[in-house]
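In what follows, a structure is listed as structure tokens, so that the remarks can point back to it.
The values are calculated or read from the model by the stated rules, or taken from the named source; none is laboratory data. Here the structure is a predicted model, which is why all the values come from computation and not from measurement. In this analysis, Cβ positions are derived from the backbone assuming ideal geometry, glycine residues included, and neighbour counts consider all displayed protein chains. Surface areas here come from the heavy atoms of the whole protein model, side chains and all, with no ligands, DNA or RNA. Shrake-Rupley method; radii C 1.70, N 1.55, O 1.52, S 1.80 Å.
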Amino acid sequence: MIIIMLGAPGTGKGTIAGILTKELGIPQVSTGDIFRKHIKEQTELGKLAEKYISNGKLVPDDVTIGLVENRLKEPDVQNGIILDGFPRTVKQAEELDKMLEKDGKQVDLVVNLTTPEDEIIERIVNRRICPNCKAVYNLILNPPKQEGICDKCGEKLVQRKDDNKETVKQRFNSYIEQTSPLVDYYNKKGNLYSAVVSKSINKLGKDVAEDVLKYIKEGK
Ligand code: ADP
Ligand code: ZN
């Protein structure tokens with residue numbers, strides 16, 4: 001099964017993908033995580049990606065598409081994948097379709113998440129992540145049991161460099177301009193599942209993950 005997580009930054013793509021990956025037993029691949037690993041190791045790709053990411057801009061399509069194309073060839077994703085943060089442009093979506101088509105595959109489900117803009121900012125500035133196991137926390141909505149420490153693996157939590165008020169605005173603009181057309185793109189293909197993630201309706205990532213699992217299991 002091939003699942004795509006779509007949504008503005010801070011809507012909970014990674015959190016929901018993390019739950020789905022466990023329940024469905026298929027790997028989660030986050031392009032953001034791959035870029036952050038390259039930045040940490042200061043590879044050529046990392047140095048290039050950092051320039052864009054630190055400004056809240058998307059990494060250029062040719063770079064990102066090449067990266068995903070190689071990742072899709074690896075054995076662990078042959079039976080399914082949860083793509084978290086890819087595609088983010090129409091070009092990426094078209095190229096993904098072509099790659100999958102070559103293998104007789106297709107996108108099975110696109111989980112489209114929306115959250116009110118003011119909540120997004122609040123979610124992002126309060127987000128903390130585990131650099132080891134990639135667990136995501138929120139100081140207000142989903143705090144770790146022990147302050148600053150990952151519940152799952154005991155690692156010290158960190159704040160992503162791009163998780164600040166200034167960058168988030170640009171990231172949101174990039175989403176509106178470049179990524180949001182994908183809602184229409186996938187809606188036309190008929191494989192879009194849309195959900196609102198918002199505290200105002202008591203729906204956080206884990207609630208939406210449950211809904212998605214139910215939707216998948218009840219058959220479509
Ligand atoms: P978020 O969804 O919270 O913004 P991600 O970890 O998915 O976080 O992405 C972090 C950054 O990595 C993005 O702001 C962007 O600069 C870059 N990035 C991730 N995925 C892509 C992609 N598919 N295309 C271009 N840039 C990407
Ligand atoms: Zn951890």
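Scan the range 202-220 and give yes if some residue there is closer than 29 Å to E50 by Cα, of a type in the set (G, A, S) and within 15 Å of the chain's Cα centre (by Cα), otherwise no. Checked the range 202-220: at least one residue is closer than 29 Å to E50 by Cα, of a type in the set (G, A, S) and within 15 Å of the chain's Cα centre (by Cα).
Among residues of the range 51-62 that are under 16 Å from G85 (Cβ atoms) and in contact (Cβ under 8 Å) with a residue 40 or more places away in the chain, those with a Cβ under 7 angstrom from a residue that is open to solvent by 40 Å² or more (accessible area, probe 1.4 Å) and more than 16 Å from ligand 2 (Cβ to nearest atom), sequence gap 6+ or separate chain, pair up as G56/Q170; K57/Q170; L58/Y52; L58/R88; L58/Q178. Of the residues examined, L48 is one that is part of a helix (DSSP H, G or I) and open to solvent by 50 Å² or more (accessible area, probe 1.4 Å). Does L58 count as open to solvent by less than 30 Å² (accessible area, probe 1.4 Å) and of a type in the set (A, V, I, L, M, F, W, C)? Here the answer is no, as L58 does not meet what is asked.
Would you point out the residue of the range 174-197, among those that are of a type in the set (G, A, S), at pLDDT 95 or above and not in a helix (DSSP H, G or I), that is least open to solvent (accessible area, probe 1.4 Å)?
A195
If you check N132, N187, N112, N126 for being more than 19 Å from T15 (Cα to Cα) and not charged (D, E, K, R), only one passes: N187. Only residues that are in a helix (DSSP H, G or I) and either open to solvent by 20 Å² or more (accessible area, probe 1.4 Å) or over 21 Å from L113 (Cα atoms) (or both) were counted in the range 76-102, giving 12. Residue check: is C133 within 16 Å of ligand 2 (Cβ to nearest atom), under 27 Å from I3 (Cα atoms) and either at pLDDT 95 or above or in a helix (DSSP H, G or I) (or both)? Considered against the rule, which asks whether it is within 16 Å of ligand 2 (Cβ to nearest atom), under 27 Å from I3 (Cα atoms) and either at pLDDT 95 or above or in a helix (DSSP H, G or I) (or both), C133 comes out as no. Annotation: K40 fulfils all but one of (1) over 22 Å from I2 (Cβ atoms); (2) away from ligand 2 (no atom under 16 Å from the Cβ); (3) more than 18 Å from the chain's Cα centre (by Cα); the unmet one is (2).
Tally time: how many residues in the range 136-171 are within 12 Å of ligand 1 (Cβ to nearest atom) and assigned to a strand (DSSP E or B)? Counting residues in the range 136-171 that are within 12 Å of ligand 1 (Cβ to nearest atom) and assigned to a strand (DSSP E or B) gives 1. Annotation: D163 fulfils all but one of (1) touching a residue at least 60 places away in the same chain (Cβ under 8 Å); (2) in contact with a helix residue (DSSP H, G or I) (Cβ under 6 Å, 6 or more places away or on another chain); the unmet one is (1).
Residues in the range 15-35 that are open to solvent by 30 Å² or more (accessible area, probe 1.4 Å) and in contact with a Ser or Thr (Cβ under 9 Å, 6 or more places away or on another chain): P27, Q28.
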